[in-house]
Each structure stands twice: as structure tokens, then as C-alpha cells.
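S.K.: I am attaching a structure below and will ask some questions about it afterwards.
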Amino acid sequence: MRGGAAAVVGLVAQVACDGYRGVDESKLPAEPVCRAYSVAWGDKIPTAAVTPASLPRPPSSSISARLPFRVLDPVGPVSWARESQHVLQWTTGGLPAGATVTLAQSSGDDRFEVVQTVPAAAGRVVWAVPAGGSDLRRVKITPSWGAPAEVFDVTLTPSQKASYRWVCVTDRTPFTRRDGAGSLVFKDRMWLIGGWNPSEGFPRLTGNDVWSSTDGVDWRMDKPQTFRDASFDGNADWEGRHTAGYAVHGGKMWIVGGDPLQGRYQPDVWSSSDGQRWERAAANAPWGQRALHTTVAFADRLWVIGGQTMPDFVSGAVPYAVYDDVWTSGDGATWTRLPADGPRWQARSAIMQGAVLHGRVWIVGGGSYDNPSSGVPARQYMSDVWSSEDGVRWRREAATTPWSPRQYHSVVAWDGKLWVIAGYSEEGNQAGGFYSSDGKNWYSTATPWGPRHAASVWVYGDSVWLAAGGNVDVWRLERR
């Protein structure tokens, strides 16, 4: 810890949401049903559109064509669905500041049409696959300094695009704004569990209240906030927490692990059949000295995937580490660490919800939280996609995705698709909902709600629902 307990309090806003500041509500997107009361938890840095006039001047002719240039993704011919979005990624080391890269396409011949030109230092460009035309396309990526261009073939498959819209359900929930709250669907209700807000009703930074609703408008408080002072008995009830693990398994709701905001980890596991009375299944799970892990119910078991330690918040415990392990349990008390067989995703944390689709569990994006005292001054952000049918053998579905590398995003499965919603990236809080039927071909939806991260997302009533993430609005995603 930096500077003892006072430092922990000072760091809390950073670990949860990098601080929050009020925004001018008049600048929020107009919406015919209601206007969201939004709080910007972290500043978003706008990215200016790239135009020919804004591009840096190309390097002089003295720059050698021997400067390195290599396309990292894709490698070789690919098959991409029409209208999907894909990333083309290249090396950036040793490039001059003024260098550019041009993306061009053709209908299978050598007559290329320029799509766009971007600064080479960006290292990537998003290409929207054409909706019509030939089934075979050639894509050429050309560096401006004379290094050889790279060309690859793309076979276009039928579009997987669907039509969705977000509808504002309410602009003012009865529960206080928060982020990192658990979101479960149980007994035909949406449940919101705990969360973080150091300024409104949570004197110990996080809460242990529980709310539920059948329509997103009327919310019932099933369990009051009792995590207030030192008189709280952590053996009788679960401590307030956020960004923990949450799942429905065996006819119960589960809270699996917690956060480091009390100056220690919360390695316990709790369950409830009604949201009011909670029983502790484990006081100290074997994986418990960590935070920001992913929890999912899959194959009739609870799963804990990845996570990390945070020594800047928990001193004298375990050193800084980011995990790529997988643990499972049938009862929440006895846990087994699964072996690794073959390639596996890079160690990571901060994926807010886990998803199961097509009989597989999915790891989508994520990253790691910084820890300056351990020599880790910056966060890491990821955008790759992996899946597994058993948690032992993993398959990489995509090395890169068109949504920005991010953490604190929600991943759910609905309508036969994976969904990535909101999150936090190098640019700050993110809006946006992205979907894919296979983890490879991604499409986006327009989102009228404001950027946020660590939101609460439900799949309920054949819709996706969004709340919290530092806001008091509720939105529903539905088919058009």
C-alpha cells in the first residue's frame, strides 16, 4: 500500500473507475423516451477523424525501403462475412513519424481501389467488408516509405448482420448509482448485487444491498445495505464488494470472491435462494487471493477464470501476478484447478461477465490493472477471443477485433451471438455494443447511452438489459 490506509482510500477511485466527474447533460445524445442521467467515470479522449489534410507528411525519399514492415493479422487468405468489421494490424517498430499505410481492395484482380490511408504508427486499421460485389476480394496494405506491400485474399461469406435497437426503459432507478454491481437472472427476475460508490450511501466504499426487478422500472430492495462500520459481522453476511464473480448455479445465486478495497482480498463464496438470506460456502477458497477474475456457470459447475493480485491495495500479501488459470467447483466449497493442454490465452483480468455460447465458454478481451509499486506503471488492454468446451483445451477464434482493446466490459450471449458491451480502454470509458455469431466476424450497434464501464448487464425476457456503470438509467436491447 502506498502511505497506509489513507492511500487505499485515495486509490479506490482509481481502481474502480479512475474518478468521476459530472457531465453537461445537454451534451448527452438525444433520445425520444428519456434522457439518461449520466456520470463520466473517467475522461474520454476524443479521437479526431483522419483526413488527408490531417495526416502527417510522408517521410522524405531518403528513408530506406529496408525499414521493417510486416502484417501481423491476418496471415494468409481468410474468409470473412459480408458487412462485418475486421482489423488489419502491422508492425510499428522503427518507423518514421511521418510514415503512412494505405489500405486498398480489388475484386480479385490487380486493379486496386484505395479505401483509406492512416498513420503507420497507429499499427492497425478497421476494414468494413463490402456488402455486395464479388465473393473474392484482394486486399493490399502499402507502406509509404517504399517497403514491399503485402497482399492477401479474402473470401466473402454471407452476412451475419442483424438489426437491433436500444430503448431507454427509465432514467432514474431507486438504487444509488454504482459500478461493478453483480447482475444475475434468477427466478424470472433481474438481480443487482452490491457495487462501488464511495460518495453515496457506501461509507466503506462498496455496498452489500440486493435489488430485483421484472421490468427494469420498478425495483424491489430484497436486502438492505448493512456494510457500514466496524460492527459488521463478516461471518454472518457477505461484505460489500464490486467487480466480484456472480453466477446462477444449482438453483441458487452465487457471489464468488471479491475486490481489494478493504485492504485485503475477499476469498469467500456465498449463495442464496431468495436474495435475502445468504449462506457462506467457503471462507477461503484456494484461488481467493486475487481480484478482477471472471466467473461463469458452465457444464453444471462454477468456474473462476484468470484474475490478478493488486499489491498496491493489499500490502504484505502475495506479490503482483496476473493469472491464466481455471478453477471449477460443483458446490462452491471444494475447488479443482484444471490442467492446461495446448495454447492458451494470455494471463488477464477485468472481464466483468463470462459467456457460454455454442456449448463453449468464452474469454473475450480483458487486460490487467497497473501496479506501480511492483514496476507495472500502466494497464494492459486486450481484444483477442478464445473459447473452450472443457476449460482445458482452448482455441483462439480471433487475434484482434474491431472494437478497441478494453477491460471492465461485459460479455454475454444472446440471440445466438456473443455481445461485448461498454468497457474501459486507453481512451477512457467506452460506449458501444458489438456482436458476433462465431467470435471472428463482428458487427456494431449504435448506442444512445453514454460511455461507461463495469456496467451491469442481463439477458432477460429475450432482450439484453443494461444499467449502472456509474449511472442510474436502464436500457433494453431488442430486435427491430
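Nothing in this text is a laboratory measurement; each read-out follows from the coordinates by a stated rule. Because the structure is predicted, anything quoted here is derived from the model rather than measured. Note that we place each Cβ from the backbone using ideal geometry, even for glycine, and neighbour counts take in every protein chain shown.
S.K.: Please list, ordered by chain and number, the residues whose modelled amide H lies under 5 Å from the amide H of residue 83; skip anything fewer than 5 residues away on the same chain.
M.R.: 129, 131
S.K.: Another one. Just grab the label-to-label distance for residue 188 and residue 152, each label 7 Å out from Cα along the Cβ direction, in nm (one decimal).
M.R.: Simple spin-label model gives 4.9 nm for this pair.
S.K.: Using per-residue counts of other Cβ atoms within 10 Å, averaged over each peptide, order 387-399, 177-189, 233-245, 125-137 from highest down.
M.R.: Descending mean neighbour count gives 177-189, 233-245, 387-399, 125-137.
S.K.: Okay, moving on. Pairs to check: 223/440; 187/417; 140/161; 252/440. Give those whose C-alpha atoms are more than 30 Å from each other in this structure.
M.R.: Pairs exceeding 30 Å: 223/440; 252/440.
S.K.: Here's something else I'd like to know. Just one of [x] 73, 49, 48; [y] 153, 46, 38; [z] 68, 55, 48 is Cα extents along the principal axes in Å calculated from these coordinates, so which is it?
M.R.: Looking at Cα extents along the principal axes in Å for this model, the match is [x].
S.K.: Could I ask something else about it? Would you calculate the volume per residue, in Å³, of the smallest convex hull containing every Cα atom of the stretch 259-320?
M.R.: 101 Å³
S.K.: Then there is this: Rounded, prolate or oblate, given the Cα gyration tensor of the stretch 393-472, with a/c below 1.5 counting as rounded?
M.R.: oblate
S.K.: While we're on this one: Is there a quick way to get the dipole size of the stretch 168-283? I mean about its Cα centre, with the Cβ of Lys and Arg at +1 and of Asp and Glu at -1; what is the value in debye to the nearest 20?
M.R.: Using Cβ point charges on Lys, Arg, Asp and Glu, the stretch 168-283 gives about 80 debye.
S.K.: Would you mind pulling out the separation of the Cα centroids of the stretch 185-205 and the stretch 121-177, in Å?
M.R.: 35 Å
S.K.: Any idea which of 143, 126, 94 is furthest toward the positive side of the dipole for the stretch 71-157, if Lys and Arg beta-carbons carry +1 and Asp and Glu beta-carbons -1?
M.R.: Result: 94, furthest along the dipole toward the positive end.
S.K.: Over the chain, what is the mean sequence separation of C-alpha contacts under 8 Å (at least six apart), divided by residue count, expressed as relative contact order in percent?
M.R.: Across the chain, relative contact order equals 15 percent.
S.K.: Right, another one. Describe numerically, in nm with one decimal, the distance between label points set 7 Å from Cα along Cα→Cβ at residue 318 and at residue 135.
M.R.: Spacing of the two 7 Å Cα→Cβ label points: 5.1 nm.
S.K.: Please find the FRET efficiency linking residue 70 to residue 444, where r is the Cβ-Cβ separation and R0 is fixed at 30 Å, and quote it to the nearest 0.05.
M.R.: Efficiency at R0 = 30 Å is approximately 0.60.
S.K.: Pick out, from 184, 199, 173, the residue whose Cα sits farthest towards the positive end of the charge dipole of the stretch 161-201, with +1 on the Cβ of Lys and Arg and -1 on the Cβ of Asp and Glu.
M.R.: Highest projection toward the positive end goes to 184.
S.K.: Using alpha carbon centroids, what distance separates the stretch 84-103 and the stretch 301-334, in Å?
M.R.: Here the two parts' Cα centres lie 37 Å apart.
S.K.: Any chance you could run the full-extension gain for residue 346 through residue 333? It's 0.36 nm times the residue separation minus the Cα-Cα distance, nm to one decimal.
M.R.: My answer for the length gained is 1.9 nm.
S.K.: Here is a follow-up. If you stretched the chain out fully between residue 128 and residue 462, how much longer would it get, using 0.36 nm times the residue separation minus the C-alpha to C-alpha distance?
M.R.: Result for the pair: 117.4 nm of gain on full extension.
S.K.: Mind giving me the FRET efficiency for residue 113 and residue 218? R0 is 41 Å, r the Cβ-Cβ distance, nearest 0.05 is fine. Let's see the in-between values first.
M.R.: Working: r = 54 Å, r/R0 = 1.33.
With a Förster radius of 41 Å, E is 0.15.
S.K.: Would you mind working out the magnitude of the charge dipole of the chain relative to its Cα centre, with +1 at each Lys and Arg C-beta and -1 at each Asp and Glu C-beta, to the nearest 20 Debye?
M.R.: Approximately 600 debye in magnitude.
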